[in-house]
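**Q** Attaching a single structure in structure tokens format; questions to follow.
The values are calculated or read from the model by the stated rules, or taken from the named source; none is laboratory data. No experiment lies behind these values; they were computed from the predicted model shown. As a convention, Cβ positions derive from the backbone with ideal geometry for all residues, glycine included, and neighbour counts pool all protein chains shown.
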Amino acid sequence: MGTLCRRYNLKLIALTEGDRGSLLFGPLGRSRHTGHRTEVIDTVGAGDAFTAVLAFGLLSGASLDTINEQANRVASFVCSRAGATPEMPIAEKPWQHNRPQSVEW
């Protein structure tokens, strides 16, 4: 993955592995997550949900570990419901993050 990042000047590679979690890898570090156990009803929308949380986390300045945890949690929730856009529960504790003044790539 390091070779891919260097060759194509990538800032991050996200590899999702379904029920086995995901790997985030880039010049700033890596994060491995083993995924969350869930009863799968429908996988449609899980990748989009993961990507949305990933983008939000990156723009918010969150750590790769925090992004990976939250992205896996949301994708797992989406898989536990029918349809691509289930109504999301309201978090008891909102995601804490520090929004940067600008995003450095």
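**Q** Would you confirm, using the coordinates I've provided, whether PHE25 is surrounded by 15 or more Cβ atoms within 10 Å (Cβ to Cβ), of a type in the set (Phe, Trp, Tyr), part of a helix (DSSP H, G or I) and modelled with pLDDT of 90 or more? Lay out the reasoning, then the answer.
**A** Details: surrounded by 15 or more Cβ atoms within 10 Å (Cβ to Cβ): yes; of a type in the set (Phe, Trp, Tyr): yes; part of a helix (DSSP H, G or I): no; modelled with pLDDT of 90 or more: yes.
For PHE25, the condition - surrounded by 15 or more Cβ atoms within 10 Å (Cβ to Cβ), of a type in the set (Phe, Trp, Tyr), part of a helix (DSSP H, G or I) and modelled with pLDDT of 90 or more - is not met.
**Q** A follow-up question, please. For a quick check of your reading of the model, give me the residue pairs whose first member lies in segment 40-52 and is more than 15 Å from SER80 (Cβ to Cβ) and in contact (Cβ under 8 Å) with a residue 12 or more places away in the chain, whose second is of a type outside the set (S, T, N, Q) and in a loop (DSSP other than H, G, I, E, B), with beta-carbon atoms closer than 8 Å and at least 6 apart or on different chains.
**A** Partner pairs satisfying both residue conditions: ASP48/ALA84.
**Q** So which residues in segment 31-46 are crowded, with 16+ Cβ neighbours inside 10 Å and not polar (S, T, N, Q), if there are any at all?
**A** HIS33, GLY35, HIS36, GLY45, ALA46
**Q** Anything in segment 75-84 that is on the phi < 0 side of the Ramachandran plot, surrounded by fewer than 20 Cβ atoms within 10 Å (Cβ to Cβ) and not polar (S, T, N, Q)? List them, or say none.
**A** PHE77, ARG81, ALA82, ALA84
**Q** Can you pull out the residues in segment 61-81 that are assigned to a helix (DSSP H, G or I) and either without any contact (Cβ under 8 Å) to a residue 40 or more places away in the chain or touching a Pro at 6+ places or on another chain (Cβ under 8 Å) (or both)? Explain how you work it out, then say what you get.
**A** Narrowing segment 61-81 to residues assigned to a helix (DSSP H, G or I): 64-79.
Hits for segment 61-81 are ASP65, THR66, GLU69, GLN70, ARG73, VAL74, PHE77, VAL78.
**Q** Right, here's the next one. How many residues are touching a strand residue (DSSP E or B) at 6+ places or on another chain (Cβ under 8 Å) and part of a loop (DSSP other than H, G, I, E, B) if we restrict to segment 1-22?
**A** 6
**Q** Next up: Please count how many residues of segment 28-45 are in contact with a strand residue (DSSP E or B) (Cβ under 6 Å, 6 or more places away or on another chain) and either among the charged types (D, E, K, R) or not in a strand (DSSP E or B) (or both). Please lay out each step first, then the result.
**A** Of all residues in segment 28-45, those in contact with a strand residue (DSSP E or B) (Cβ under 6 Å, 6 or more places away or on another chain) come to 31-33.
Applying the additional criterion that residues be either among the charged types (D, E, K, R) or not in a strand (DSSP E or B) (or both) yields 32.
So the count comes out to 1.
**Q** Moving on. Check whether at least one residue in segment 49-64 is hydroxyl-bearing (Ser, Thr, Tyr), modelled with pLDDT of 90 or more and surrounded by fewer than 16 Cβ atoms within 10 Å (Cβ to Cβ), and report yes or no.
**A** Checked against the condition, which is being hydroxyl-bearing (Ser, Thr, Tyr), modelled with pLDDT of 90 or more and surrounded by fewer than 16 Cβ atoms within 10 Å (Cβ to Cβ), segment 49-64 yields at least one hit.
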